[in-house]
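What follows draws every value from the coordinates through simple rules; no lab data is involved. From a predicted model like this one, the values you see are computed outputs, not experimental measurements. Cβ: placed from backbone, ideal geometry, glycine included. Neighbour counts: every protein chain shown.
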Amino acid sequence: MKKKRIGIVAFDYRLGFQPLTINSALMLEREGYEIHIFIDTPSYEESKINFGGFGDKNITTHPIDRRDSPRDAAPTSGRTGSFNATADVLLRTLPGHGAPLRSLYRQTVSLYWNLYLMFYQAFYNRGSPNEKRNKLTYDFFPALFDFQEKVAQSIGDEYVCLLGIDENGLIAATMAAENDSHERRTPVIYFNMELLLKRYARTLHTKVLNSIERSCVTSCYCVVIQDEKRAAHFLADTKLPQEKLVYLPVSGLRAEYRGKSNYFRELFEISPDTRILLYAGAIEDFGMCVELAEAANNWGDDLVLVMHSPLAPEAIHFHGAYVDMVKRAARGNKVYLSLNPVQWEKLPELISSGDIGLMFYKGKQPNLYEIGQSSNKLVQYLQVGLPIITIDFPSLKKITQGCRCGESAHSPDEIEALARRIIASYDVYRNHAFECYETRYRITDYFDNLLERIRLIE
């Protein structure tokens with residue numbers, strides 16, 4: 001009997017650090033589907049996941065070479081673009097963090113790109129919606145355009161559906177599915193992992209990306225999103241009908257990891273008597289990494305901060321200016337930076353070598369503010385039993401208070417006091433963290449919602 005195929009399409013996306021995408025592939029394979037993952041080669045090489053480690057499972061990865069092009073003016077995955085990110089870092093070095101200048105700069109840039117895009121879209125306001133979308137993609141994201149052409153050559157009518165991961169994956173999957181060489185249009189399911197809302201798209205490239213995403217969303221079979229709060233923002237922005245949504249939180253498939261490794265203690269020669277507060281995630285401004293380093297300088301001698309980046313060194317280089325700021329903010333032996341990612345299979349061991357997991361975010365954008373059901377690091381902390389200290393966003397306080405697995409703070413200055421409260425009853429918090437993972441963050445509790453939609457396609 002011929003296997004039923006499902007394609008997963010990801011571009012400029014570090015698949016190896018995304019539990020929901022990996023676990024979805026494994027769950028679908030368990031249900032008898034043959035999974036084919038189409039991903040650009042740089043992202044595949046950065047992913048740090050041994051796809052061959054799936055053993056004899058029917059999951060195949062197809063790395064697609066990415067053609068560099070002078071027309072690629074900015075990375076497609078950036079929320080602000082490289083120029084804006086660099087300018088923001090430089091403005092932060094001014095006295096008082098240059099807040100007034102940063103505000104004026106952003107307002108000026110936003111106005112400029114709004115006017116530019118208005119005239120640019122007027123130029124493209126000819127032809128069918130698909131033709132306009134193709135022209136915009138070709139001009140602004142040529143590497144993505146080339147990628148979808150190669151995906152289109154690789155898929156056939158035997159595919160039940162394509163799962164487009166984030167905006168780039170959605171665009172590539174939609175364009176490949178609608179390619180004229182196919183006898184039928186393969187249904188596309190959008191895995192919306194990051195909210196790219198129109199009012200927060202402040203550069204030309206993010207505005208164009210938002211515009212193309214919206215044109216693709218309208219033809220989706222359904223949209224996977226993490227919870228009702230995030231869905232409310234997405235629906236208000238896209239005007240999609242509610243029935244197109246499928247709720248699937250970022251969640252784990254692996255069993256609890258109850259071991260306790262010495263990975264960071266051995267790497268940085270940290271004393272067994274010292275507690276490690278771990279930030280595991282991209283070392284970027286939105287994660288308040290400079291503020292965390294500054295707060296750690298004032299902690300007692302028995303507490304240290306370790307920041308572990310899941311990004312490969314070449315990816316970190318793009319954010320090098322901000323990483324340098326974190327290094328300058330740290331004093332003495334209070335802050336350690338772990339900049340060498342490990343394989344997906346080794347992540348539980350690495351994270352378990354911390355004692356408390358930190359989750360802090362800057363700003364009130366819904367993409368971060370409503371992160372309680374969409375955080376990779378939260379699931380990874382809970383899976384190994386790390387109590388957590390989070391920023392006091394309601395979506396995170398709901399977890400710390402409801403599961404009693406951690407504490408929430410208004411600012412990083414409160415971390416030390418909360419850490420000592422957790423340490424005083426550490427085993428209680430740790431057991432609640434494991435319980436929270438088992439009761440709220442296991443993908444097996446939610447996946448039938450998506451599986452039912454896919455079976456309806458068949």
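Brief remarks follow.
- Projected area averaged over orientations for the range 203-357, convex hull of C-alpha atoms, nm²: 12.2
- Residue 383 sits among other residues whose Cβ lies under 9 Å from its own Cβ, and their net charge, with Lys and Arg +1 and Asp and Glu -1, is 0.
- FRET efficiency for residue 180 and residue 274, using Cβ-Cβ distance with R0 set to 56 Å, rounded to 0.05: 0.35
- Here's the picture: a label point sits 7 Å out from the Cα of residue 302 along the beta-carbon direction, and within the range 277-291 the residues with their amide nitrogen under 16 Å of it are 277.
- Each label point was placed 7 Å from the Cα along the Cα-to-Cβ direction; for residue 265 and residue 333 their separation is 1.5 nm.
- Whole-percent P(r), the range 263-440, all Cα pairs, 10 Å bins from 0: 10, 41, 40, 9, 0.
- Fraction of alpha-carbon pairs over 13 Å apart in the range 144-190 - percent: 44
- Spin-label pair residue 424/residue 445, simplified geometry with 7 Å Cα→Cβ offset, distance in nm: 3.0
- For the range 326-393, radius of gyration divided by Kirkwood radius, i.e. Rg to Rh on alpha-carbons: 0.99
- Computed over the range 191-281, the ratio Rg/Rh where both radii use C-alpha atoms and Rh is Kirkwood: 1.20
- Measuring against 18 Å, Cα to Cα, the residue pairs 346/377; 4/244; 377/398; 229/397; 135/244 contain 4/244; 135/244 as the ones spanning a longer distance.
- Working ranking of peptides 129-136, 33-40 by packing, defined as the average number of other Cβ atoms within 10 Å per residue, highest first, is 33-40, 129-136.
- For the range 289-376, convex hull volume per residue from C-alpha positions, Å³: 125
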